[in-house]
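For reference, the structure is listed below as structure tokens.
Read-outs throughout are calculated quantities, based only on the coordinates presented, and are distinct from any laboratory measurement. None of the values given here were measured: they were computed from a predicted structure. Heads up, the Cβs are rebuilt from the backbone with ideal geometry, glycines too, and the neighbour counts pull from every protein chain shown.
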Ligand SMILES: Cc1ncc(COP(=O)(O)O)c(C=O)c1O
């Protein structure tokens with residue numbers, strides 16, 4: 001037995017793994033007695049396999065984080081190499097991997113976002129971003145959008161504008177929600193993206209007027225709303241929000257936890273619209289979750305607030321060397337292999353056009369939207385009324401049509417990402433055009449399940 005084998009004595013049978021999981025693992029967002037997590041034997045590229053040898057093409061990138069694909073050999077090798085050198089060192093020391101990760105991130109980020117505070121994940125990145133904004137401005141309130149997700153720690157879940165927040169209420173004080181643009185289901189009765197943009201900005205201005213713009217420290221938004229629908233903002237919206245923030249001295253925080261590192265065909269989704277936020281939060285795609293890592297990219301002005309004043313925050317694992325080494329390797333590989341460009345082309349040349357064909361063939365597809373490798377099919381019972389295939393936040397028998405659709409995908413070897421009445425197409429950014437075609441063919445068949453519920 002090698003040293004590694006002796007230290008890593010893991011259960012080997014599917015039955016053992018399942019049994020210990022059910023006995024001892026407490027899972028996220030679940031009624032513990034109602035779940036049966038699938039044991040995964042291995043993963044490679046854009047696929048993973050169960051213990052029966054069944055292959056799943058992953059159209060979810062797990063939690064939309066495995067941008068570089070599974071077990072990228074160069075990334076695995078870099079982690080192994082760095083683990084052999086230096087597994088850990090406290091944040092108070094300077095460390096080569098941390099310095100280089102921060103330098104590279106600053107180089108990739110727009111404008112003067114030249115400093116990085118490293119966290120363990122996306123939620124704590126958002127916690128620190130709002131803390132920085134509050135201390136920088138001396139104001140307390142934070143505006144966040146409905147139909148958003150920002151993480152599950154107390155501040156981040158308070159910012160969240162979806163049902164995941166309800167169980168943690170009352171949340172932290174000072175968070176106010178507003179409506180963002182969503183042309184397909186406009187909260188503003190708009191009939192064009194231009195109208196939606198203009199009215200959503202007007203709504204934001206009015207929210208600030210009644211809240212008192214001088215009391216607002218930050219506006220936080222997902223550059224492209226992720227789990228809540230792949231809501232791509234109409235052109236002009238983010239520029240408008242930037243202007244509003246400038247006018248009122250409000251910090252603009254772009255949550256790029258899901259949208260960064262190739263997901264939207266750019267390093268950061270804000271690059272698509274050419275805007276520079278004051279703070280960008282990131283996690284997921286920075287190293288595809290090979291080692292947990294998140295962070296906040298900080299503008300010069302906000303960083304300067306803490307030149308002579310102590311920043312009241314820290315984490316045992318801030319800038320964890322192994323996590324930072326994996327981020328350095330991941331960003332380098334993305335550059336070398338043109339992964340960002342590939343993601344952009346995959347969206348405009350393959351995923352977008354192929355999903356549009358699905359919409360032509362299937363009456364249950366109400367809308368196709370997205371960019372890069374971040375797309376959604378919004379499923380409806382009736383294209384005229386846009387009645388969703390299942391109600392908002394449906395569960396149990398109300399959610400059955402979506403559950404049947406997901407089962408059909410899985411049976412055919414596709415792991416889908418479903419949320420409410422939508423299926424998202426969010427494979428790794430490294431997925432080939434052929435693999436995308438393979439997955440879309442499975443979606444094509446599975447959509448027959450949704451079509452059966454169409455009433456028009
Ligand atoms: C936009 C966005 N922000 C924040 C988070 C929270 O990140 P984490 O789960 O790493 O804390 C997520 C996670 O899905 C997310 O999608």
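Here are a few things to note about the model shown:
- Working note: 222 nm ellipticity from helices only, DSSP H runs with n ≥ 4, each -39,500 (n - 2.57), summed and divided by the residues of the chain, gives -11500 deg cm²/dmol to the nearest 500.
- The chain, relative contact order in percent, only Cα pairs under 8 angstrom and at least six apart counted: 20 percent
- Cα centroids of region 304-334 and region 204-230: 27 Å apart.
- Cα pair distances in region 223-328, grouped into 5 Å bins until the bin that holds the longest one, percent each: 2, 11, 18, 21, 19, 15, 10, 4, 0
- Reference-scaled alpha-carbon Rg (2.2 N^0.38 Å with N residues) for the chain: 0.98
- Highest to lowest packing among 337-348, 24-35, scored as the average C-beta count within 10 Å: 337-348, 24-35
- Antiparallel beta bridges, as assigned by DSSP with both residues in region 188-286, represent about 10 percent of the total such bridges.
- Over region 160-218 - Rg/Rh using Cα atoms and the Kirkwood inverse-distance radius: 1.04
- D_trans [Stokes-Einstein, Kirkwood Rh over alpha-carbon pairs] for region 149-306, 25 °C, 0.890 mPa s, µm² s⁻¹: 150 µm²/s
- The share of alpha-carbon pairs in region 41-107 lying farther apart than 16 Å comes to 64%.
- Scattering curve values for region 366-427, log₁₀ I(q)/I(0), Debye with Cα scatterers, q = 0.12, 0.20, 0.25 Å⁻¹: -0.29, -0.79, -1.10
- This ranking places 166, 49 by how few other beta-carbon atoms lie within 10 Å of each, fewest first, which gives 166, 49.
- Residue exposure proxy: 409, 197, 324, 87, ordered by other Cβ atoms within 10 angstrom of their Cβ from fewest to most, comes out as 87, 197, 409, 324.
- Counting only Cα atoms, the size of region 292-376 along its three principal axes is 61, 29, 24 Å, in decreasing order.
- Region 305-394 - percent relative contact order, Cα under 8 Å, separation 6 or more: 17 percent
- Isotropically averaged projected area of region 297-456, using the convex hull of Cα atoms (one quarter of hull area), nm²: 14.0 nm²
- DSSP beta bridge pairing in the chain, given as percent antiparallel to the nearest 5: 65 percent
- For region 84-141 and region 348-394, distance of Cα centres in Å: 37 Å
- Size of region 35-173 as Cα extents on the principal axes (Å, biggest first): 55, 42, 28
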